[in-house]
1. Considering the stretch A:171-212 alone, what residues qualify as being part of a loop (DSSP other than H, G, I, E, B), crowded, with 22+ Cβ neighbours inside 10 Å and within 13 Å of the chain's Cα centre (by Cα)?
2. Over 24 Å from residue A:108 (Cα atoms) and out of contact with any helix residue (DSSP H, G or I) (no Cβ under 9 Å at 6 or more places or on another chain), is that true of residue A:50?
3. Which one of the conditions (1) over 22 Å from the mean Cα position of the chain (by Cα); (2) in a loop (DSSP other than H, G, I, E, B); (3) more than 7 Å from chain B (Cβ to nearest Cβ) does residue A:63 fail to meet, given that it meets all the rest?
4. When you go through B:242, B:315, B:286, B:282 one by one, which is the residue that is without any contact (Cβ under 8 Å) to a residue 60 or more places away in the chain and surrounded by fewer than 23 Cβ atoms within 10 Å (Cβ to Cβ)?
5. Out of everything in the stretch A:130-170 that is buried (at least 20 other Cβ atoms within 10 Å of the Cβ), within 8 Å of another protein chain (Cβ to nearest Cβ) and part of a loop (DSSP other than H, G, I, E, B), what residue ends up being modelled with the lowest pLDDT?
6. Do we find that residue B:168 is more than 14 Å from every other protein chain (Cβ to nearest Cβ), closer than 30 Å to residue B:244 by Cα and modelled with pLDDT of 85 or more in this structure?
7. At least 3 residues that are over 18 Å from residue A:31 (Cα atoms) and either within 21 Å of the chain's Cα centre (by Cα) or in the same structural domain as residue A:67 (by TED's automatic domain parsing) (or both) in each: list the strands (runs of 3 or more DSSP E) lying fully within the stretch A:232-282 that qualify.
8. Helices (runs of 4 or more DSSP H) wholly in the stretch B:205-252 with at least 3 residues that are more than 14 Å from chain A (Cβ to nearest Cβ) and farther than 16 Å from residue A:175 by Cβ - which ones?
């Protein structure tokens, strides 16, 4: 990505941000979403809304509730509170209707070893094929175009077990995109990938989002990448919203340190992107790790030696 | 630019495996109709068959006795073996998809043990007439699977596949124990019971065909209609749910169809083993891994296989008959080992994966 490209992208994103919610046309709305698993509230009274064409990143420590929020939107866990998709209460939608509006990429998808890439992608057409019918030539053509678009055409006949990690991730994405759902949910889509493939996967998602006006909600571990790609971040801590806003607002040393229970340093690069690096308790950094109960969110500030300058980001 | 559809390796030539299976089925059927204590030439066999086609008014100069042999003795036997083979093979393929287990066969949920117990009860307590034997076998098999299903579902929806298979093992063990007890108490009937268990088409008649035909046709139609669903279910309950289907409901329908068809099939044929495993796996290895192809091809291939096995059963030791279950197991067991070894060698995957 050239410097100019980055600038344009940032500018575009800022434009999208201004147009997006809160306010505008919300495509995904969570209203006091609460999920109990094993008698414990894993997600507690989360309210949020995602605008059309927006990319929201869910970040937070392991167990903070990122996956559960995604699963609730996908209709995979029972929940209290409301999930509205495009203004319609998800609870009133049929499974088929829901599958046409939400596509879900789980963190560890089930990949039948001997299924071909093409057949796997074709599964994504299920919400568009009558229950007992088989795929039409339109469905086949749709999948063909999709695989070509994702650079997977050469792999169409390969068995899933023979793919590399990066190829697998793109194939799973292809199956989700084959649903033609306006909302794409992704749970840690890059966690198993190396750096180049992480960027590549997220670039594809970003391109398609712009091309097709997709609304994307993804859980992301890599905070630096999250800051580079998403419009807004929703930081979860112990099942509640700890912070919500643009990456520059949320990727704050004190906020992250409190939510993750680990000291972090935020470095701003020359072209304005944020790099989030952990601080070790000994060795190169002198800052001690602060263990914080995320629920209390007490602002234990590390010394501001490389502090963020919010003014710069505006 | 209009995209030219790319298709999976097994999808491009769907008609080839289907055509091979169909040609095999027709050829084996013809051989089976011609072969027996009285050899009848193919032309006379065809003439006899045509003479029985309604509205055709075909006249054949085949001797009446040969016509009777072909139409009254051999034809129902071929048709019944074909129906049972089609049912067992497609039921096996469906179960392998449903339980994501290559070792699954249509007897997985206890239909064989239930039918065996039902048949034993009829033979031991039913008196001289064996007219009710298929009814008892059918009811026994269906009840056994219903029990397995209810216990398995009670065992938790999350681990559905595992708990229902374990329930099947337990139900089958219990029913087999009861069946063995009844059989030991009444040793005079033991040979008749064994004859039924090992399977035979030696007394096949058109009335047997008409009795099982509705069940097998309905059940085969349901399995065929669900062939794409079996592919969808391969990604697991949760992901299949996000694709807009109800996995639990779909599974129940497939299990019910496979059970009714299998129970009807074994009620007239006895417990013929291995058909569901060998045929489905041969198709999988040669025609591709998609159930959109496996189910229909296994149906036709299963018919061809069982017609052939029945031909072997009645000719290899003629005039005596070898139980057909012995024939299928003699082919099935070695074949099965080959499949296992080749699967491991090809992909290094374990038996439990599918």
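The values are calculated or read from the model by the stated rules, or taken from the named source; none is laboratory data. Note that the coordinates shown come from a computational prediction; the quantities given were computed from them, not determined experimentally. All Cβ positions, even for glycine, are placed from backbone atoms using ideal geometry, and neighbour counts span all protein chains on display.
1. A:189, A:190
2. yes
3. Failed condition: (1).
4. Matching residue, one of B:242, B:315, B:286, B:282: B:282.
5. In this case the residue turns out to be A:135.
6. Against the criterion (more than 14 Å from every other protein chain (Cβ to nearest Cβ), closer than 30 Å to residue B:244 by Cα and modelled with pLDDT of 85 or more), residue B:168 qualifies.
7. Answer list for the stretch A:232-282: A:274-278.
8. Ranges flagged: B:206-225.
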